[in-house]
Amino acid sequence: MRTAHPGTTAEAEADFHRAITIARQQDAKLWELRAAASLARLWRDQKRPDEARGLLAPVYGWFTEGFETSDLQEATALLDELGA
């Protein structure tokens, strides 16, 4: 794992939060999943697995189909890694 510059990490986190907010406003579940997974990976790397799981699990839970897609497969793998 490469160590990120602290300002860059904070900016990335803020950008992911903005992306999640916009996706929710547009009811764009796939985009919300992508942004939530990105933020969850960042938090995993920061040793914040509970927060990562708490963010990603509810978004993932909305899906009832499409589990063969790469987005949902990656989310499944990340949740497994986080112990969900």
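Each value in this text was obtained by applying a stated rule to the coordinates, not by laboratory testing. Everything quoted here is computed from the prediction, not taken from an experiment. Here the Cβ is made from the backbone with ideal geometry for all residues, glycine too, and neighbour counts use every protein chain on show.
Summed over segment 16-49, the residues that are of a type outside the set (A, V, I, L, M) and touching a residue at least 12 places away in the same chain (Cβ under 8 Å) give a count of 13. Scanning segment 22-50 for residues that are over 16 Å from LEU82 (Cα atoms) and of a type in the set (S, T, N, Q) yields a total of 2.
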